[in-house]
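Remarks on the structure that follows.
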Amino acid sequence: MTYETLTEVDTSKYGNGKGLNIRQTASSKGKVLIVAPNKSPIYVNSASESGGWIAVKYDGWNGYAMSKFIKGTSAYGTSSSGGGNYDGTNINC
């Protein structure tokens, strides 16, 4: 898979401004591989955006994240709900 676009995590628009969970699978039940802090640079595969998830590469890890928390994705520009659960530190998506 090619991660052609460098963009930025933004959990403050629809969330709490904390970290974004990068998961092993495109599911809120997928194992968390790493947490990307808000405003972190992140690579995405734009063609993979589907069902509110997008394939990402962050700090050497390949995984999935909710696309509404990543600038430049279609969900980021159109989402109107808060989504995700807040655990006190990160958005659990």
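The values are calculated or read from the model by the stated rules, or taken from the named source; none is laboratory data. This structure is a prediction, so every number in the text was calculated from the model and none was measured. Here the Cβ is made from the backbone with ideal geometry for all residues, glycine too, and neighbour counts use every protein chain on show. The protein model used for the area step is the full one, side chains on, heavy atoms only, and it has no ligands, DNA or RNA in it. Shrake-Rupley method; radii C 1.70, N 1.55, O 1.52, S 1.80 Å.
Structure summary
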quantity	calculated
Whichever residue in region 1-12 is in a strand (DSSP E or B) and over 12 Å from the mean Cα position of the chain (by Cα) and, among such residues, is surrounded by the fewest Cβ atoms within 10 Å (Cβ to Cβ)	L6
Selection within region 51-93 - modelled with pLDDT of 90 or more, surrounded by fewer than 20 Cβ atoms within 10 Å (Cβ to Cβ) and part of a strand (DSSP E or B)	K57, W61, N62
All positions within region 13-34 that are under 11 Å from G63 (Cα atoms) and open to solvent by 20 Å² or more (accessible area, probe 1.4 Å)	Q24, T25, A26, S27, K31, V32, L33, I34
Residue among G30, G15 that is part of a loop (DSSP other than H, G, I, E, B), in contact with a Phe, Trp or Tyr (Cβ under 9 Å, 6 or more places away or on another chain) and closer than 17 Å to Y76 by Cβ	G15
